[in-house]
Amino acid sequence: MLILVVNCGSSTVKYQLFDMQDPEQGRVIAKGIVERIGLPGSRLEHYYDEKSVIREREVNNHKVALEWILEVLTDPQIGVIQNVKEIEAVGHRVVHGGEKFRESVLIDDKVIEAVREYVQLAPLHNPPNILGIEACRSVLPDVPQVAVFDTAFHATMPPHAYTYAIPYEYYEKYRIRRYGFHGTSHRYVAERTAKILRRDLSSLKLITCHMGSGVSFAAIKNGESIDTSMGFTPLEGLIMGTRCGDIDPAIVLFLMEKEGLSIKEMDEILNKKSGVLGVSGISSDTRDIEDAAPSNPRAQLTLDLIAYRAKKYIGAYYAVLGGLDALVFTAGIGENSSYIRKSICEGLEHLGITIDEAKNTVRRKEAVISQDGAPVKVMVVPTNEELMIARDTWRLVAQKR
Ligand code: AMP
């Protein structure tokens, strides 16, 4: 079965075509991205058979982007299939599933309506996701579509973990609560961890650390997310590339008053100008910060902040889990940065968390990097959200047959 996985942003469509003959592993037969949709200089980058091509063309909207993707996938030279009819299902990444979606679902009009309702909770993300779904329904009208939500995995959080201590009426009126994000990644990593350790996920206590340009940690008990660091939006929690993570909310009021900032300007500061970029003043990319740190105190301070905040979350999640079997690093930083992994784990030996320096040199590969015999396994598990989306899509579509 061939499944197209689609991830739509405001000006991008990322795609991966999976052969799901082995649904556990999946096999990517082509992938790519259309960028700058609705902007000058739209382009498509397509990878197939270990080759890649870049094409340029005007792309005014997501429907045109998807038509182009299907054209490329069926192109006699650079395509990988002969006919779009070979695509048997489409899986979509959808960022916000609100309180309604606790798992992936087959898309129908009602699902689209509900995702549209949650636009108020994810004004930047859900609209392009809906555009992508509508575009696919229009270019592949007879093909089943599945929505896989970033929030769904965290739907198991108990009320004491997701309720904010603001007047309860705002939860009732606006559904202001913690939702959590990166759920598909945390779920994938948790399942892989159990497989690697040859343990049953339903008997494990895990902290999964998704550290990319966005950063979130999750406390996973017996296969269920019981807490996670992102909240009502992906702004809460750890220090990220350009997002501030946890701050005293009074800072927002203070700054808006002192600097005469509009809501939009304040939002820009918290989401785009803070985090690693804001503190270092150098870059949002931790590689640049690691390079600069030996001679730049603010770069070193940024790395220290990343590690310190991470330690605090690990301590908190250790407490709420009542112990820990594995601490798992994933995404751009988690999979690559030996320095950041080490600086996070240093000083946590009293929790049974250790790092083996030689094993910690690993990059982008599944590995156990704790010292032999340590009570807590520290691991690197590269994430694969697209495979998870393909698997859910396969499961839901195959089930319907
Ligand atoms: P992601 O959002 O998962 O694609 O991760 C992107 C981020 O990972 C980048 O902004 C970098 O900060 C970080 N990153 C990627 N490769 C490395 C590396 N080799 N060392 C340190 N950080 C890295």
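The rule of thumb for compact globular proteins, 2.2 N^0.38 Å, goes into the C-alpha radius of gyration of segment 242-401 1.27 times.
Structure remark: mean-square fluctuation, Gaussian network model of the chain, C-alpha springs under 10 Å; the largest value among I251, I389, I33 belongs to I251.
Contact order for the chain, expressed relative to its length and based on alpha carbon pairs under 8 Å spaced 6+ residues apart, stands at 14 percent. Under 5 Å between amide hydrogens, built in the peptide plane, is the criterion, and for V94 it picks out V148, F149, D150 among residues at least 5 positions away or on other chains. Shape class for segment 98-209, computed from the alpha carbon gyration tensor (a ≥ b ≥ c): oblate, with a/c not under 1.5 and a/b at or below b/c.
Full extension of the chain segment joining V320 with Y174 gains 49.8 nm, where the gain is 0.36 nm per residue of separation less the Cα-Cα distance. Extension gain, R55-S138: 0.36 nm per intervening residue step, less the Cα-Cα distance, totals 27.5 nm.
Every Cα-Cα pair in segment 226-296 was counted, and those over 18 Å apart are 45% of them. Per-residue Karplus couplings for segment 17-32, computed as 6.51 cos²θ - 1.76 cosθ + 1.60 with θ equal to phi - 60°, are listed in order as 9, 9, 9, 9, 3, 9, x, 6, 8, x, 9, 7, 9, 6, 7, x Hz, Gly and Pro entered as x.
Shape summary: the chain maps onto an equivalent ellipsoid whose semi-axes, from the alpha-carbon gyration tensor, are 33, 26, 23 Å in decreasing order. Between amide H atoms placed 1.01 Å from N, distances below 5 Å from S225 occur with T156, all of them 5 or more places distant or on a separate chain.
Computed from backbone phi with θ = phi - 60° and the Karplus coefficients 6.51, -1.76 and 1.60, the 3J(HN,Hα) list for segment 114-121 is 5, 4, 5, 4, 7, 4, 5, 8 Hz; x is used for glycine and proline.
Give me the net charge of L197's neighbourhood, meaning all other residues with Cβ under 10 Å from the Cβ of L197; Lys, Arg count +1, Asp, Glu -1. Around L197, the surrounding residues sum to +3. Which whole-Hz couplings ³J(HN,Hα) result when phi for each residue of segment 69-85 is put into the Karplus expression 6.51 cos²θ - 1.76 cosθ + 1.60, θ = phi - 60°, listed in order with x for Gly and Pro? These are the phi-based 3J(HN,Hα) values: 4, 5, 4, 5, 4, 9, 5, x, 8, 10, x, 10, 10, 8, 9, 4, 5 Hz.
Under conditions of 20 °C and 1.002 mPa s, segment 171-241 yields 168 µm² s⁻¹ as its translational diffusion coefficient, taking Rh as the Kirkwood radius over Cα pairs in the Stokes-Einstein equation.
Summarising the strand pairing of the chain, around 70 percent of its internal DSSP beta bridges are antiparallel. Segment 369-396 and segment 75-153 have their alpha-carbon centroids 24 Å apart. The K342 and S295 beta-carbon pair, evaluated with R₀ = 30 Å, returns a calculated FRET efficiency of approximately 0.90. Mean sequence separation of contacting Cα pairs (under 8 Å, at least six apart), scaled by the length of segment 1-147, corresponds to a relative contact order of 24 percent. Full extension of the chain between S203 and D75 yields a length gain of 41.3 nm, computed as 0.36 nm times the residue separation minus the alpha carbon distance. Normalised Debye scattering of segment 25-120 at q = 0.13, 0.15 Å⁻¹ gives log10 I(q)/I(0) of -0.61, -0.78, counting only Cα atoms as equal scatterers and leaving out solvent. Within straight-line reach of K264, meaning a Cα separation under 19 Å, sit the following lysines at least 8 residues removed in sequence or on another chain: K272, K273.
For segment 352-401, the Cα-based Rg and Dmax, in that order, read 16.7, 50 Å. Of the residues P249, P23, P294, the one that moves most in a GNM of the chain with alpha-carbon contacts below 10 Å is P249.
Read-outs: derived from the displayed coordinates by stated rules, not from any lab. Not measured: the values here are computed from a predicted model. With ideal geometry, Cβ positions are generated from the backbone for all residues, glycine too; neighbour counts draw on all protein chains shown.
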